[in-house]
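The values are calculated or read from the model by the stated rules, or taken from the named source; none is laboratory data. These figures come from a predicted structure and were not determined experimentally. Every residue, glycine among them, receives a Cβ derived from its backbone with ideal geometry; neighbour counts consider all protein chains shown.
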């Protein structure tokens, strides 16, 4: 921590990332505090589901109301964004923004496989998002809600999620390795 | 039990979320190169951050239980629908190797100026809508999977919780020792 802030005064470049175990310990304490305060863990994909339901209801109200998955979320004029997870993800965004600005890491760019141009990078980001969004609904949770928070309660489902995540991720990661330097 | 406090208000949600986002960004988890570097086994940051966090939080929950302040029954434990957890986890892992992020880290990436993080986030919404569109076909299969009687590892294995946490800590330390030479900064 000291070196991360100390570096700011020495160099004009971005500050260093925290040690992974320090970040992990602080994340664990934040997660523990979340359990103590609310009775549940941290999440992310609950928010994208709420946005999807809200957007679908705005664009196609009739078919959204009759949809077996989204219907109950928007029934009786309910706003799915009026939920704990919305505030938590707004906080997540603000915390990440503050950290990036403070460490001089905020920089508009298109990141992705280093050997690809901007357009294929963007297409891969979109495809990856679709796969992850679909997958997180099958498992009813993502890396945060099920992998991290579920595993912290020693839930079998959390560790099974992580096993699937790392197995498929590493397999496809090696298949895509040639697009990275 | 005294705990959990059972708060559902926006202010704790904002504060806890802000800590979550700050730590993820500081840990480098808004950086798609580092995230996918884990999947190429070149950078072990994701594993080290996640497993340390799981062990710290699980130890805290165990201590609170020991102190008689909060039991496992007082916190949300996801159901053990193993096929769904495995298939969903695999798709989220594939999504990360292809697109660079997972749902939470795409928000962190977007908030550090990464346009691909914004695009990934839009993809998440499209993926969720695709799932909703196919839900009537998927539901019979998802509903057919009966959850295990046990929901936690200690119930499944009939061992005390501290032993599960100790084994996890052993795995985390072992993996770190084996891989620490290969960490890319």
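See the values below:
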| read-out | value |
| --- | --- |
| Qualifying residue in segment B:8-31 (condition: more than 7 Å from chain A (Cβ to nearest Cβ), touching a residue at least 40 places away in the same chain (Cβ under 8 Å) and closer than 18 Å to residue A:111 by Cα) | yes |
| The lone exception for residue B:37 - which of (1) more than 7 Å from every other protein chain (Cβ to nearest Cβ); (2) touching a residue at least 60 places away in the same chain (Cβ under 8 Å); (3) within 30 Å of residue B:160 (Cα to Cα); (4) touching a helix residue (DSSP H, G or I) at 6+ places or on another chain (Cβ under 8 Å) it fails | (3) |
| Residue in segment A:125-142 that is closer than 21 Å to residue B:122 by Cβ, touching a residue at least 60 places away in the same chain (Cβ under 8 Å) and more than 7 Å from chain B (Cβ to nearest Cβ) present | no |
| Matching option when the condition is touching a helix residue (DSSP H, G or I) at 6+ places or on another chain (Cβ under 8 Å) and either at positive phi or not in a helix (DSSP H, G or I) (or both), among B:109, B:150, B:169 | B:150 |
| Helices (runs of 4 or more DSSP H) fully within segment A:38-106 counting 1 or more residues that are at the interface with chain B (Cβ under 8 Å from one of its Cβ atoms) and within 18 Å of the chain's Cα centre (by Cα) | A:45-59, A:84-102 |
| Total residues in segment B:162-185, condition at pLDDT below 95 and surrounded by 14 or more Cβ atoms within 10 Å (Cβ to Cβ) | 2 |
| Positions within segment B:52-63 being surrounded by 22 or more Cβ atoms within 10 Å (Cβ to Cβ) and in contact (Cβ under 8 Å) with a residue 60 or more places away in the chain, in sequence order | B:52, B:54, B:55, B:58 |
| Residue in segment B:79-96 that is closer than 25 Å to residue B:169 by Cα, surrounded by 21 or more Cβ atoms within 10 Å (Cβ to Cβ) and touching a strand residue (DSSP E or B) at 6+ places or on another chain (Cβ under 8 Å) present | yes |
| Verdict on residue B:49 being within 7 Å of chain A (Cβ to nearest Cβ), closer than 30 Å to residue B:139 by Cβ and either touching a strand residue (DSSP E or B) at 6+ places or on another chain (Cβ under 7 Å) or buried (at least 22 other Cβ atoms within 10 Å of the Cβ) (or both) | no |
| Test: residue in segment A:3-21 that is within 9 Å of chain B (Cβ to nearest Cβ), assigned to a helix (DSSP H, G or I) and modelled with pLDDT under 95 | yes |
| Lone unmet requirement of (1) under 15 Å from the mean Cα position of the chain (by Cα); (2) within 19 Å of residue B:164 (Cα to Cα); (3) facing chain A (nearest Cβ under 7 Å); (4) surrounded by fewer than 22 Cβ atoms within 10 Å (Cβ to Cβ) for residue B:72 | (1) |
| Residue count, segment B:114-160 (criterion: more than 7 Å from chain A (Cβ to nearest Cβ) and buried (at least 22 other Cβ atoms within 10 Å of the Cβ)) | 1 |
| Selection count, segment A:107-124, where residues are free of Cβ contacts under 8 Å to residues at least 12 places away in the same chain and either in contact with a helix residue (DSSP H, G or I) (Cβ under 6 Å, 6 or more places away or on another chain) or in a helix (DSSP H, G or I) (or both) | 6 |
| Tally, over segment A:70-95, of residues that are surrounded by 22 or more Cβ atoms within 10 Å (Cβ to Cβ) and over 21 Å from residue B:9 (Cα atoms) | 1 |
| Within segment A:135-161, tally of residues that are assigned to a helix (DSSP H, G or I) and buried (at least 24 other Cβ atoms within 10 Å of the Cβ) | 18 |
